[in-house]
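Report on one structure; see the data block that follows.
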Amino acid sequence: MDDIERLLLGLSAHLRDGYSVDSAREVRHQLDVVRDRVPFPPPDTIEQSPLRNLFDYVELKSHDAVLGRTQWLRGELAEIDRDLLSALAETQRGDLTVDDLRQIDDLLWELRDRIDAFEPMDEGRWPLQCLIAYVDARIKRSLEAN
């Protein structure tokens, strides 16, 4: 894991623990510092790197907070976000077994189904999809290491 990924994970935790306009502004300031170091996908593909997905999740969620949008604080969107962040925390454990990773992957599929129930333009859908893609990449990385 590189420094940018650690920073983005820390910023994600910062937003989770203190979702407010002020904390979001602080997060966005730190995102601006690393923005040019997080590559966009090549023009001939739509697949983003895991790092780009994590960056987009933090950027979009912090943008919503700056605008005072509260959908991340309660309701189904907030619940899915918490479940995804819990799954992400699980992928960071060093003692994961293949069975543990399968359980996390099963949870991701359930969360994908819940997200797919939202309308395509619903607020929060794209950031959650970015976070799912990042967590999925972490699972694959862990499976390859096992």
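Being assigned to a helix (DSSP H, G or I), closer than 17 Å to TRP126 by Cβ, touching a residue at least 12 places away in the same chain (Cβ under 8 Å) and aliphatic (A, V, I, L, M): is that true of LEU11 here? Quick ask: steps written out before the conclusion?
On the way: assigned to a helix (DSSP H, G or I): yes; closer than 17 Å to TRP126 by Cβ: no; touching a residue at least 12 places away in the same chain (Cβ under 8 Å): yes; aliphatic (A, V, I, L, M): yes.
Considered against the rule, which asks whether it is assigned to a helix (DSSP H, G or I), closer than 17 Å to TRP126 by Cβ, touching a residue at least 12 places away in the same chain (Cβ under 8 Å) and aliphatic (A, V, I, L, M), LEU11 comes out as no.
Kindly evaluate ARG114 against the criterion of being open to solvent by 90 Å² or more (accessible area, probe 1.4 Å) and either free of Cβ contacts under 8 Å to residues at least 12 places away in the same chain or assigned to a helix (DSSP H, G or I) (or both).
Details: open to solvent by 90 Å² or more (accessible area, probe 1.4 Å): no; either free of Cβ contacts under 8 Å to residues at least 12 places away in the same chain or assigned to a helix (DSSP H, G or I) (or both): yes.
Criteria not met by ARG114.
Any idea which residue in segment 78-105 is nearest to the chain's Cα centre (by Cα), counting only those that are among the acidic types (Asp, Glu) and over 23 Å from ARG16 (Cα atoms)? Write out each step before concluding.
Of segment 78-105, the ones among the acidic types (Asp, Glu) are 79, 81, 83, 90, 95, 99-100, 105.
Then keep just the ones that are over 23 Å from ARG16 (Cα atoms); that gives 95, 99-100.
Details: ASP95: 22, ASP99: 23, ASP100: 20 Å.
Checking each candidate, the answer is ASP100.
Restricting to segment 66-85, and then to whatever is open to solvent by 70 Å² or more (accessible area, probe 1.4 Å) and not charged (D, E, K, R), can you tell me which residue is modelled with the highest pLDDT?
Per the stated criteria, the residue is LEU67.
May I ask you to list the residues in segment 6-40 that are touching a His at 6+ places or on another chain (Cβ under 8 Å) and small (Gly, Ala, Ser)? It would help to see each step written out before you state the result.
Here is the first cut: in segment 6-40, the residues touching a His at 6+ places or on another chain (Cβ under 8 Å) are 23-24, 26-28.
Once the filter is applied, which keeps residues that are touching a His at 6+ places or on another chain (Cβ under 8 Å) and small (Gly, Ala, Ser), segment 6-40 yields SER23, ALA24.
Quickly run through segment 121-138 and pick out the residues that are in contact with a helix residue (DSSP H, G or I) (Cβ under 9 Å, 6 or more places away or on another chain), at negative phi and not in a helix (DSSP H, G or I). Don't jump to the end; show me each part of the working.
Narrowing segment 121-138 to residues in contact with a helix residue (DSSP H, G or I) (Cβ under 9 Å, 6 or more places away or on another chain): 122-138.
Next cut, at negative phi only: 122-123, 125-138.
The answer is ASP122, GLU123.
Of the residues that make up segment 124-134, is at least one within 27 Å of ARG25 (Cα to Cα), of a type in the set (Phe, Trp, Tyr) and open to solvent by 80 Å² or more (accessible area, probe 1.4 Å)? Give the steps one after another, and end with the answer.
Our first condition is that a residue be within 27 Å of ARG25 (Cα to Cα); within segment 124-134, this holds for 124-134.
Narrowing the set further to residues that are of a type in the set (Phe, Trp, Tyr) leaves 126, 134.
Those left that are additionally open to solvent by 80 Å² or more (accessible area, probe 1.4 Å): 126.
Yes, there is a match, as at least one residue in segment 124-134 is within 27 Å of ARG25 (Cα to Cα), of a type in the set (Phe, Trp, Tyr) and open to solvent by 80 Å² or more (accessible area, probe 1.4 Å).
Filter segment 90-111 for residues that are open to solvent by less than 50 Å² (accessible area, probe 1.4 Å), within 17 Å of ARG141 (Cα to Cα) and assigned to a helix (DSSP H, G or I) and give the result.
Let us first name the residues in segment 90-111 that are open to solvent by less than 50 Å² (accessible area, probe 1.4 Å), namely 91, 96, 100-101, 104-105, 108, 111.
Now narrow it down to the ones that are within 17 Å of ARG141 (Cα to Cα): 91, 96, 100-101, 104-105, 108.
Those that are open to solvent by less than 50 Å² (accessible area, probe 1.4 Å), within 17 Å of ARG141 (Cα to Cα) and assigned to a helix (DSSP H, G or I): THR91, ASP100, LEU101, ILE104, ASP105, LEU108.
Six or more apart or on different chains, Cβ under 7 Å: which pairs go from a residue in segment 58-79 that's on the phi > 0 side of the Ramachandran plot to one that's loosely packed, with under 15 Cβ neighbours inside 10 Å and assigned to a helix (DSSP H, G or I)? Could you list them?
GLY68/VAL21
The values are calculated or read from the model by the stated rules, or taken from the named source; none is laboratory data. Note that the structure is a prediction, hence the values are computed from the model and not measured. Ideal geometry is used to build each Cβ from the backbone, glycine not excepted, and the neighbour counts take in all protein chains shown. Protein only, heavy atoms only, side chains kept; ligands, DNA and RNA dropped before computing areas. Shrake-Rupley method; radii C 1.70, N 1.55, O 1.52, S 1.80 Å.
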